[in-house]
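Below you'll find the structure, written out as structure tokens, and then a few comments.
The values are calculated or read from the model by the stated rules, or taken from the named source; none is laboratory data. In this text the structure is predicted, and so the values were computed from the model without any measurement. Heads up, the Cβs are rebuilt from the backbone with ideal geometry, glycines too, and the neighbour counts pull from every protein chain shown.
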Amino acid sequence: MSLSQALSAALDGLNATQSGMALIASNVANAGTPGYTEKTLTLQPVTAGGSGVGVDVTGVNRQLDQLLQSQFWTESSGGAYADLVNQIYQQLQTAYGSPSSAGNSSSSGSLQAAYSNFTGALQNLQSNPSDYSSQTAVIGAAQALTGQLNDLTSTVQELRSNCESGLDSSVTQANTLLQNIAQINTTVAGLPGSDATSDTLLDERDEDITQLATLMDIRVVPASGNQLNVFTTTGVELAGTTAGTLSFNSHGTLSANAQWNANPSLSGVGTITLTTPGGGTTDLIATKAIKSGQIGAYLQMRDTILPQAQSQLDQIAASVSSALSDTQTSGTAVTSGAQSGFSVDIGSLLPGNTVKVSYATSPGNTPHTLTIVDVSDPTSLPLPSPDPSNPVIGVDFSAGMTGVVAALNAQFGNQLQFSNPSGTILQVVNSGTGNSSVTINAVTATSTQTSLAGGTSQLPFFTDGSTPYSGAITGGLSEMVGYAGRIEVNPALVANPGDLVSYQAGTQSGDPTRPDFLTSQLTSAAFTYSPQTGIGSTTQPYTGTLSDYIGQVLNTQGANAASAQSLSSGQDVVVNSLQQSLNNESGVNIDDEMANLLALQNAYSANARVLTTVNQMFTTLLQAFPT
């Protein structure tokens, strides 16, 4: 090697070690910077005549395991989803009380305690119906129960409103991140691969993608020129060199009636619309494009979990009301030649009240129940009927008996024949010998008592405002929706607690008839509850006492909260483990950097000695051959 080559090699070595030291300084300085990856030099040996004569710095490498990073992004979405769901569940559980309090009437402030206090007050009234203090104690306990249901409804809807607000802010944050990603994609495409600025921008972009992954589940696809394209998991592009735009039409404070609908004109909550980089638009909620991340959690809680919790409260409120106000009238058996069936008076039915026809079909004597609902709002028809074997049909009874009979025969005339022999009597029979495969077993009409002194033990103890609760269906929604937030003790009963005993003119002050009925209905009578509350199923709906159902609701909510907490803890372990692995693989290790710095210092000293030696040799040569 000539002296010139030695000098060049030593200078290359000094330049490389200086670049390496500067890179180590940058690594150490950014050791705590989120998303920063360790940088190393890419060196290329310089040869001449087959011999090494120096070294060139050709680029800067980011120490990054892309497969590990992709797994981290995926699990980050799941972790953010689980953490937020758990957070909201725990807030809901705090309002409900711990599951252990479900059977403990002494647990003050719980729904079960309020119900137990109410039934306990009624049992005291049984013992002394004429005692005014016992009567007012029942009213006070009932008001405490309705207060609990009102407060729980407020909590559920407040949580839903918080989800609506959270979606609004999350969409704004996502748009900022998508714009950043697209801008960096455009910038790095015009920079050389060895440019240090490019590597810094790539770190920033990766951090933006990490934050985006906590908001929604995404799929990241590498492209040419160090670019990354971001898609939803359903394949809709979010960002490339240009970014899509998310929009959210927030509805602010939500009520129980505010529910999502694919038809924007019918939806009571906000939806997320994506305008893609190509200019197309898509509803990300309708297409189920977001299933995870914080946005996925907000949507799940707002549209599914919290509405189901509300429906359970509404079912409790509706069941308590109906248990004390509904009168069931069994039909009278009738025959007409070969035809047989029942007739029942439906003159006292209110909108929402029902007529049930129990019948069996051959072969197998398979049981069915036809439920006929009084629906006075034609816009609510037809009613959904999730179980074809037990159909539900809405009929406008206010149209008169002729219209009722015609509507029923139009749908069921091949199996059941309806008629109006007189007044408000509805008669239903089979078709006789021509249709002997149908056997009608019973017909029952359920009507709501509207008077405190109607001559029966039933009374409108609870009201929807000042109106007796009947389950009326208007605008496609049952009166039960949100009823737990509106239920109150009948103002007329509050004004005259003696009506807890007096059910008709001349009732003796000590008559226990009505207190006995009220207590029996609330403590021992069994009812069937809607499977739409998430308890029971369409084929096997939950049946039990009101106390049993309240306990089931509390236990279900407690189990769901515990499951959410467990899922969150497990997901946190996964995310933290991947984060640690990513840090070990790509992060800055100060000990390693110091070891590398020491090696570079040694290399720098060696190259400096070569320069000194070459300088001395040149000096000697110049002295030996003076000009």
Exercise for review: Could you check, for the stretch 159-179, whether at least one of its residues is closer than 22 Å to Ile487 by Cα and of a type outside the set (Lys, Arg)?
Suggested key: yes
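Have a look at Ser330, Ser265 and point out the one that is hydroxyl-bearing (Ser, Thr, Tyr) and touching a strand residue (DSSP E or B) at 6+ places or on another chain (Cβ under 8 Å).
On the way: Ser265 fails: touching a strand residue (DSSP E or B) at 6+ places or on another chain (Cβ under 8 Å).
When all the criteria are applied, what remains is Ser330.
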Check your understanding: Out of (1) in a loop (DSSP other than H, G, I, E, B); (2) touching a Phe, Trp or Tyr at 6+ places or on another chain (Cβ under 9 Å); (3) at negative phi, the odd one out for Gly352 is which?
Key -> (3)
Review point. With respect to Ala595, is the statement that it is loosely packed, with under 14 Cβ neighbours inside 10 Å and modelled with pLDDT under 75 true?
Key: yes
Check your understanding: Are there any pairs with C-beta distances below 9 angstrom linking a residue in the stretch 419-433 that is in contact (Cβ under 8 Å) with a residue 40 or more places away in the chain to a residue that is among the hydrophobic types (A, V, I, L, M, F, W, C) and surrounded by fewer than 16 Cβ atoms within 10 Å (Cβ to Cβ), with the two at least 6 apart or on different chains, and if so which?
Key -> Asn430/Ala338; Ser431/Ala338; Gly432/Ala338; Thr433/Ala338
Exercise for review: Restrict the check to the stretch 108-116 and report whether at least one residue is under 18 Å from Gln312 (Cβ atoms), modelled with pLDDT of 90 or more, surrounded by fewer than 19 Cβ atoms within 10 Å (Cβ to Cβ) and in contact with a helix residue (DSSP H, G or I) (Cβ under 8 Å, 6 or more places away or on another chain).
Suggested key: no
Practice item. Might you check whether a residue that is more than 34 Å from the chain's Cα centre (by Cα) and in contact (Cβ under 8 Å) with a residue 12 or more places away in the chain occurs anywhere in the stretch 475-490? Key: yes
Review point. Is there a residue being touching a residue at least 60 places away in the same chain (Cβ under 8 Å) and either surrounded by 21 or more Cβ atoms within 10 Å (Cβ to Cβ) or outside any loop (DSSP other than H, G, I, E, B) (or both) anywhere in the stretch 397-411?
Key: no
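Being more than 30 Å from Val489 (Cβ to Cβ), of a type in the set (Asp, Glu) and surrounded by fewer than 19 Cβ atoms within 10 Å (Cβ to Cβ): is that true of Glu158 here? Before you say what the answer is, go through the steps one by one.
Numbers: more than 30 Å from Val489 (Cβ to Cβ): no; of a type in the set (Asp, Glu): yes; surrounded by fewer than 19 Cβ atoms within 10 Å (Cβ to Cβ): yes.
It is false that Glu158 is more than 30 Å from Val489 (Cβ to Cβ), of a type in the set (Asp, Glu) and surrounded by fewer than 19 Cβ atoms within 10 Å (Cβ to Cβ).
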Exercise for review: Please work out if Ala256 is among the small types (Gly, Ala, Ser) and more than 26 Å from the chain's Cα centre (by Cα).
Suggested key: no
Revision key, fill the gap. Exception for Ala333 within (1) part of a strand (DSSP E or B); (2) in contact with a Ser or Thr (Cβ under 7 Å, 6 or more places away or on another chain); (3) closer than 30 Å to Arg514 by Cα falls at (2)
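Would you mind finding the one in Thr519, Thr545, Thr528 that is among the polar types (S, T, N, Q) and loosely packed, with under 14 Cβ neighbours inside 10 Å? Please lay out each step first, then the result.
Details: Thr519 fails: loosely packed, with under 14 Cβ neighbours inside 10 Å; Thr545 fails: loosely packed, with under 14 Cβ neighbours inside 10 Å.
One residue alone meets the criteria, Thr528.
Pick out the one residue from Thr74, Thr37, Thr58 that is among the hydroxyl-bearing types (Ser, Thr, Tyr), assigned to a helix (DSSP H, G or I) and either surrounded by 17 or more Cβ atoms within 10 Å (Cβ to Cβ) or modelled with pLDDT under 70 (or both).
On the way: Thr37 fails: assigned to a helix (DSSP H, G or I); Thr58 fails: assigned to a helix (DSSP H, G or I).
Step by step, each of Thr74, Thr37, Thr58 is checked, and only Thr74 is among the hydroxyl-bearing types (Ser, Thr, Tyr), assigned to a helix (DSSP H, G or I) and either surrounded by 17 or more Cβ atoms within 10 Å (Cβ to Cβ) or modelled with pLDDT under 70 (or both).
Is it the case that the stretch 461-471 has a residue that's under 30 Å from Thr153 (Cα atoms), in a helix (DSSP H, G or I), of a type in the set (S, T, N, Q) and free of Cβ contacts under 8 Å to residues at least 40 places away in the same chain? Before you say what the answer is, go through the steps one by one.
From the stretch 461-471, those under 30 Å from Thr153 (Cα atoms) are 461-471; that's our starting set.
With in a helix (DSSP H, G or I) added as a condition, the list becomes none.
There is no residue in the stretch 461-471 that is under 30 Å from Thr153 (Cα atoms), in a helix (DSSP H, G or I), of a type in the set (S, T, N, Q) and free of Cβ contacts under 8 Å to residues at least 40 places away in the same chain.
Residues in the stretch 355-372: is at least one part of a strand (DSSP E or B) and of a type in the set (Phe, Trp, Tyr)?
Here is the first cut: in the stretch 355-372, the ones part of a strand (DSSP E or B) are 355-361, 366-372.
The next check asks that each one be of a type in the set (Phe, Trp, Tyr); those that pass are 359.
Yes.
Conditions (1) surrounded by fewer than 20 Cβ atoms within 10 Å (Cβ to Cβ); (2) modelled with pLDDT of 95 or more; (3) more than 30 Å from Thr379 (Cα to Cα); (4) of a type in the set (D, E, K, R), marked per residue:
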| residue | (1), (2), (3), (4) |
| --- | --- |
| Ser198 | no, no, yes, no |
| Asp206 | no, no, yes, yes |
| Thr214 | no, yes, yes, no |
| Arg219 | yes, yes, yes, yes |
| Gly225 | yes, no, yes, no |
| Leu246 | no, yes, yes, no |
| Leu254 | no, yes, no, no |
| Asn263 | yes, no, no, no |
